[in-house]
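Notes to accompany the following structure.
The values are calculated or read from the model by the stated rules, or taken from the named source; none is laboratory data. Model, not experiment: these values are computed from the prediction. When we count neighbours, we look across all protein chains shown, and the Cβ atoms used for this are built from the backbone with ideal geometry, even at glycine. To get the accessible areas, we keep the full protein, side chains included, count just its heavy atoms, and leave off ligands, DNA and RNA. Shrake-Rupley method; radii C 1.70, N 1.55, O 1.52, S 1.80 Å.
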Amino acid sequence: MNRNTFMHIATLLGCSMLFIACGDNRSVSSPDGRTKIDFSISEAGELSYAVERDGKPLMEESRLGLVAEECNLNSGFEVSSVEYNSKSEKWTQPWGENKEMTDHHNEMVVHLKGQNDVQLALRFRAFDDGYGFRYEYECGSKAEQVTITDEMTEFRLAENGTSWSIPGSFETYELQYRELPVAEVADANTPFTFRTESGVFGSIHEAALYDFPEMVLRRDDRGVLKSDLAPLPDTKKAYVAPSFRTAWRTMQLGDKAVDLINSSLILNLNEPSKIADTGWIKPQKYVGVWWGMHLGTQTWVMGKRHGATTENALRHIDFAAANNIQGVLFEGWNRGWENWGGSQSFDYTHAYDDFDVERIAKYAREKGVELWMHNETGGNIPEYESLMDEAMATYASWGVHTLKTGYAGGFKGGYLHHSQYGVKHYQKVVETAAKHQLMIDAHEPIKETGIRRTWPNMMTREGARGMEWNAWSEGNSADYLCILPYVRLLGGPMDYTPGIFDIDYSRARADKGRLMWNGDNTHCCIKTTLARQIANWVIIYSPLQMAADLIENYEGHPAFQFFRDFDADCDWSKAVAGEIGEYIAVVRRAGENFYLGAGTNHEARTLSLPLDFLAEGKTYEAVIYGDDTSKDDPEAYIIEKRRVSAADTLDVVMAAKGGAAVSFMPVED
Ligand code: NOJ
Ligand code: CA
């Protein structure tokens, strides 16, 4: 019996094996046998890996290891044993694109002995939808703290191909995508998505990032794409305990672009929930006082244009209650916004005088609407860490369960947002929030690496150019929106804040006193059709999903019915069609209902989508919110109702920069 057969049997039995490595056979294959990872060690005890997909090289031999000041973490190793495990397990999560999950993988752990008592367990896991590996080091007894100065992990793709990524900034992810030949990428953040010349789709990222800097890819002076870690102000990369492990270095793989979206690799490489009772964690839809500030018609600071006033708050709560929307967010509710961009000092417990927070909280409770709080820190981490526990306790006393955070500003002390310091801070917020039963929506965050599985109160985050960019910049093109799902969204949910209906900002333009608070905004507008704005509620997954426009732009609007009917708490999802940068179509199920969102780039397109995802034998009323292609007007839409079943195929007609959203609700025949 060969090892693969044996491992297959082991999978069925759910058992694990320990082999003493013999010869050069140190490899592990995915359960379907298509992906094979080979580990090798040189005479000098240097470590490397190579990967094959369908018998062809995917990754050429690529170096492994870290560089530290106190000990040698990358050479002088000997293999002491190799352990093989297999797992096939179903697990569930309280929320997510899919609540029912399967973790099916084969594992190889190479146990190595290095110089001066250094030990390393190199853990590889091969899944059908990709693989991950991580370093688990024991640095010997002498060092009290280990100073990491570099990571050597290389990513030598065997073939050239096309890639989609943002640059490898350690400060921000709010950057435009570049479509580049892999060979021409100088640096890139992750997820780094590519299609090789022979047609393999892949995406490099990381999973379970804690207490370590983020990894970006950077081409070194030998021309090799390798890991580069975000530095601390003293140029070191990280200070870790002698016994430490890194995040997983991951590779999602597929035959089609949408396979990457349907992959559950990142969550499978994270640990189960540490929050025992998750009953208070609830996906929801929300509206808020937000877009007006970005448009320049309202302000965060108190004054005659102040957005977060008591009157406005009560109006939003009424709107939410009347429209099947669970949450309301008010930015600019607390004192200190005068200091944004200056001392970055905020008061997290006291509201401005024109925002009667106790009355608003009581009104929200009476109306059954969730009041959210917002904490902009401006990057003043020392101040926020000293005040957040008390602030969160206060919010909990008001009955608040959701907190949006923001880090618009450089961190004090010269720390980078994505450094080990940043990663630790963002985690501290998540854990403190969990203590106060608060869900987190983080803006200017650290990237999503699947920690939502372990900390299911870490609901959503920004971490890419969101809607705000349309208010005061050249905006987010339809092409951008056709790359986002295949790159940033592979990491996890995004609080993009979709759904602007006033595409040309006619209401804002009519306001002659409109402020230009973030550059010249006079040329700005939404760069898609209205139907595409609706579709984004489905396409851009977020368990906290905002209808971001001013609520007066939704009042009485027939197309807002989609959001009323939409359910942010989905049970199952599937990307059913798409090509990177061209188009995307996603389906989600929540209870008995299904929702479809489709979008195209700058080209008009019709997709024929089989409705075979619908439940067999049931009839649904499909309400289609589409582009009115007879008019040259991005705000022109159609609403069409049709009876459909799983046997039907739907032609989704999309204008250039357009899209369509469809709700499917079961009806009696
Ligand atoms: C940037 C965030 O992305 C945005 O949502 C927020 O309104 C501003 N910062 C102010 O906190
Ligand atoms: Ca932002």
Worksheet item: With axes computed from alpha carbons, what is the tilt in degrees of helix 3-13 against the longest principal axis of the chain, rounded to the nearest 10 within 0 to 90?
Response: 50 degrees
Discussion item. Angle check, please: helix 310-322 long axis (alpha carbons) against the longest principal axis of the chain (alpha carbons), in degrees 0 to 90, nearest 10.
Written reply: 80 degrees
Worksheet, complete the sentence: The answer for Lys527, listing residues at least 5 apart or on another chain whose modeled amide H is closer than 5 Å to its amide H, is Asn476
Response to the item:
In whole percent, the fraction of accessible protein surface over the chain that belongs to carbon or sulfur atoms, probe radius 1.4 Å, stands at 48 percent
Discussion item. Using a Cα-Cα cut-off of under 15 Å, which aspartates and glutamates could be cross-linked to Lys618, ignoring same-chain neighbours fewer than 8 residues away?
Written reply: Glu592, Asp648, Glu668, Asp669
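So, for the chain, what is the accessible surface per residue at a probe of 1.4 Å, expressed in square angstrom? If you can, show how the numbers build up before the last one.
Details: 24110 Å² over 669 residues.
It amounts to 36 Å² per residue over the chain.
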Worksheet item: For the stretch 361-366, what does the Karplus curve 6.51 cos²θ - 1.76 cosθ + 1.60, with θ = phi - 60°, yield as ³J(HN,Hα) per residue in whole Hz, taken in order and with x for Gly and Pro?
Response: 4, 5, 4, 4, 4, 4
Worksheet item: Using modelled backbone amide H atoms (1.01 Å from N, in-plane), which distant-in-sequence or interchain residues come within less than 5 Å of Met459's amide H?
Response: Ile440
Worksheet item: So what's Rg/Rh here for the stretch 92-147, counting alpha carbon atoms and using the Kirkwood radius for Rh?
Response: 1.19
Item to complete: List, in order, the whole-Hz ³J(HN,Hα) value for each residue of the stretch 219-236 obtained from phi through the Karplus relation with A = 6.51, B = -1.76, C = 1.60 and θ = phi - 60°; use x for Gly and Pro.
Response: 7, 8, 6, 8, x, 9, 7, 9, 5, 9, 9, 5, x, 8, x, 7, 6, 6
Discussion item. If you average the alpha carbon positions of the stretch 163-186 and of the stretch 411-468, how far apart do those two centres end up, in angstrom?
Written reply: 22 Å
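Given R₀ = 25 Å, what would the calculated FRET efficiency be for Asp632 paired with Glu474, taking r from the Cβ atoms and rounding to 0.05? Mind dumping the intermediate values first?
Numbers: r = 21 Å, r/R0 = 0.86.
Once the sixth-power term is evaluated, E becomes 0.70.
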Practice prompt. Please report how far the C-alpha centroid of the stretch 277-337 lies from that of the stretch 31-86, rounded to the nearest whole angstrom.
Written response: 51 Å
Item to complete: Would you mind getting me the FRET efficiency between Asp612 and Ser198? Use the beta-carbon distance for r and R0 = 22 Å, nearest 0.05.
Response: 0.15
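Checking the a/c ratio against 1.5 first, then a/b against b/c, what shape does the Cα gyration tensor give for the stretch 185-224? Walk me through the intermediate numbers first.
Values: a/c = 3.25, a/b = 1.30, b/c = 2.50.
Since a/c reaches 1.5 but b/c is at least a/b, the shape of the stretch 185-224 is classed as oblate.
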Worksheet item: Taking the Cα atoms only, what angle lies between the long axis of helix 420-435 and the longest principal axis of the chain, rounded to 10 degrees?
Response: 60 degrees
Item to complete: Would you list which aspartates and glutamates come within 18 Å of Lys657, measuring only between C-alpha atoms, while excluding same-chain residues fewer than 8 positions from it?
Response: Glu474, Asp479, Asp502, Asp504, Glu579, Glu582, Glu603, Asp627, Asp628, Asp632, Asp633, Glu635
Worksheet item: Which whole number in µm²/s is D for the stretch 317-412 by Stokes-Einstein, with the Kirkwood Rh taken over Cα pairs at 20 °C and 1.002 mPa s?
Response: 154 µm²/s
Practice prompt. For Ala247, enumerate residues with amide H under 5 Å from its amide H, sequence gap 5+ or separate chain, H modeled in the peptide plane.
Written response: Tyr210
Discussion item. With the cut-off at 1.5 for a/c, could you classify the stretch 27-136 from its C-alpha gyration tensor as rounded, prolate or oblate?
Written reply: prolate
Item to complete: With all distinct Cα pairs included, what does the Kirkwood hydrodynamic radius of the stretch 161-282 come out to in Å, to one decimal, could you say?
Response: 16.2 Å
Item to complete: For a label point 7 Å from the Cα of Glu390 along Cα→C-beta, name the residues of the stretch 311-335 whose backbone N is under 17 Å from it.
Response: 334-335
Worksheet item: Mind checking which lysines have their C-alpha under 18 Å from Lys142, skipping anything on the same chain fewer than 8 residues away?
Response: Lys113
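Semi-axes of the equivalent ellipsoid for the stretch 485-578, please: Cα gyration tensor eigenvalues, times 5, square-rooted, ordered largest first, whole Å.
Output for the stretch 485-578: semi-axes of 27, 17, 11 Å.
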Fill in: Residue-by-residue Karplus 3J(HN,Hα) for the stretch 393-398, coefficients 6.51, -1.76, 1.60, Hz, glycine and proline x
5, 5, 4, 4, 5, 8
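Only sites in a loop by DSSP and with at most 10 other Cβ atoms within 10 Å count here; which chymotrypsin sites (Phe, Trp or Tyr not before Pro) in the stretch 211-268 make the cut?
On the way: sites: Tyr239, Phe244, Trp248; in loops: none.
Sites meeting the loop and neighbour criteria: none at all.
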Discussion item. Going by average Cβ density within 10 Å per residue, which order do the peptides 98-106, 543-551, 660-668 take, highest to lowest?
Written reply: 543-551, 660-668, 98-106
Discussion item. When a/c reaches 1.5 or more, the comparison of a/b and b/c decides; with that in mind, is the stretch 545-616 rounded, prolate or oblate per its Cα gyration tensor?
Written reply: oblate
Practice prompt. For Glu43 paired with Arg507, estimate the spin-label separation in nm (one decimal), with each label point 7 Å from Cα along the Cα-to-Cβ line.
Written response: 7.4 nm
Fill in: For the stretch 506-627: Kirkwood Rh in Å [reciprocal of mean 1/r, alpha carbons]
16.6 Å
Response to the item:
Both in Å, the radius of gyration and Dmax of the C-alpha trace of the chain are 25.2, 79
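So which trypsin sites (Lys or Arg not before Pro) in the stretch 468-567 end up in coil per DSSP with only 16 or fewer other C-beta atoms within 10 Å? It would help to have the intermediate numbers written out before the result.
On the way: sites: Arg488, Arg507, Arg509, Lys512, Arg514, Lys527, Arg532, Arg564; in loops: Lys512, Arg514, Lys527.
Listed in order of number, the matching sites are Lys512.
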Item to complete: Taking every pair of Cα atoms in the stretch 432-485, average 1/r, invert it to obtain the Kirkwood radius, and report Rg/Rh to two decimals.
Response: 1.09
Discussion item. Given Cβ point charges of +1 (Lys, Arg) and -1 (Asp, Glu) and nothing else, what value in debye, to the nearest 20, does the dipole of the chain about its Cα centre take?
Written reply: 420 debye
